[in-house]
Every structure is written in C-alpha cells, then in structure tokens.
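Structure first, commentary second.
The values are calculated or read from the model by the stated rules, or taken from the named source; none is laboratory data. Keep in mind it's a predicted model, so treat the numbers as computed, not measured. Cβ atoms come from the backbone with ideal geometry, glycine included; neighbour counts cover every protein chain shown.
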Amino acid sequence: MALTPIAPPAAEPLTLAEAKLWLRVDGDEEDALIGALVAAARAAVEAASGRLLVAQSWRWSLDAWPAMSPFALPVAPVRAVVAARVRDAAGLVTDLAADAFDLDAASDPPRLAWRGPPPPGPGLGGVEIDLAAGYGAPAAVPAPLIQAVRITLAALYEARGDASSTLSTVLPPAALALVAPFRRVRL
C-alpha cells in the first residue's frame, strides 16, 4: 500500500497577508519565510489531526482489493473519488466507471464500497484510487483548525533558527487542544 500526493494544496489555509497580520509583521523582507512557515504549520496540524485541511489530491495504490467492502480510506476528509484503475496480469489498465463504487464520505474514516470490481493481476500496485481530499477551499476549514495553524505558525516564527526548539515534533499546547476534537483515532 502506498499513498502518494498527486496535487498539493493550491492554497494554504492562511494567506500571506493573514499570516503577516497574525504575526504583526510589516514589510516584505520575510515573505518567503512566512509562506514556508504557513505550509509547515498546516502540515503539522494535518499530521496531528489526521485530516487534510485544504483541497488536495492523493493516489492510493494497493496490491489487491481489501478483503472487506466497504473499506476505510487512508485520508480524511474525502470529497470524491476522482478515478479508479485496475491493472491486469498483462499490464493492461482498466478505468472503472464512477457507478462501480459508493463513497461514504460522511463516515469517519471515509469508506468506499465496490460493486464487483475486476481483480488486479499479480504484482504490486494493481489497484489505484485517486481521491479528492481535504475540506476544500480555505474558507471551508473548521475555525479551530485554522486557529491551530495560526498558533503553530507563531511558535515556528518565534523559534526560527533555535536549534534547541522541540517544535519540529510537537505542536504548542494551545494548538494541540484545538486539534484534539478532530483527531482520527487509530486502534
């Protein structure tokens, strides 16, 4: 099983202007740094919550169909299944019709049920499922997660260049508290 990003977020949950306002930064000298820190803060909040914040596309490659249907998808939230393909023993790729599956995007984790998909051939990566994931546009991201990005951004900005900082592995406590209700618990 492999999960590969196809298209990264087209926008971050905070614009550069919003980030600079939050950080109380005037001028343009640190725009590149602040932009990179916004992306890092988003990624940290996504990792802590187990949820993708803004619209992005991912490909899930499997060697075979999961034994049970419906089966849980590895990312959340999922807005749509964009494409699904099966590779047979000869390497021929078959695109599956959209009506060959049902997406339960409302469940947590999101689930997918198939109606008699063709089996993949022997080998690795015989099944590929392309997913549109994330809450969508930045305005659709829940407010507590946006605030967690802001708090993490401020902590990263204040600790820049501090080699002794532990922020590379831990969100600030206030951000963790905001993320907690959204965490995907794995058993």
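Quickly run through segment 19-31 and pick out the residues that are assigned to a helix (DSSP H, G or I) and either of a type in the set (S, T, N, Q) or within 18 Å of Ala174 (Cβ to Cβ) (or both). Give the steps one after another, and end with the answer.
The first filter runs over segment 19-31 and keeps only residues assigned to a helix (DSSP H, G or I), leaving 19-23, 31.
Correct list: Ala19, Trp22, Leu23.
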Residues located in segment 21-65, provided they are of a type in the set (Asp, Glu) and in contact (Cβ under 8 Å) with a residue 24 or more places away in the chain: Asp63
Go through (1) surrounded by fewer than 18 Cβ atoms within 10 Å (Cβ to Cβ); (2) assigned by TED's automatic domain parsing to the domain that holds Pro172 for Trp65 and report which single condition fails. (2)
Cβ-Cβ below 7 Å, separation at least six or inter-chain, first residue in segment 171-187 and under 21 Å from Pro109 (Cα atoms) and loosely packed, with under 10 Cβ neighbours inside 10 Å, second of a type in the set (Val, Ile, Thr) and at pLDDT 95 or above: which pairs? none
Scan segment 32-81 for residues that are of a type in the set (A, V, I, L, M, F, W, C) and in a loop (DSSP other than H, G, I, E, B) and report the count. 11
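In the list Ala76, Ala84, Ala72, Ala55, which residue meets the criterion of being in contact with a Lys or Arg (Cβ under 7 Å, 6 or more places away or on another chain), under 30 Å from Glu12 (Cβ atoms), buried (at least 18 other Cβ atoms within 10 Å of the Cβ) and hydrophobic (A, V, I, L, M, F, W, C)?
On the way: Ala84 fails: in contact with a Lys or Arg (Cβ under 7 Å, 6 or more places away or on another chain); Ala72 fails: buried (at least 18 other Cβ atoms within 10 Å of the Cβ); Ala55 fails: in contact with a Lys or Arg (Cβ under 7 Å, 6 or more places away or on another chain).
None of the others qualify; the one that does is Ala76.
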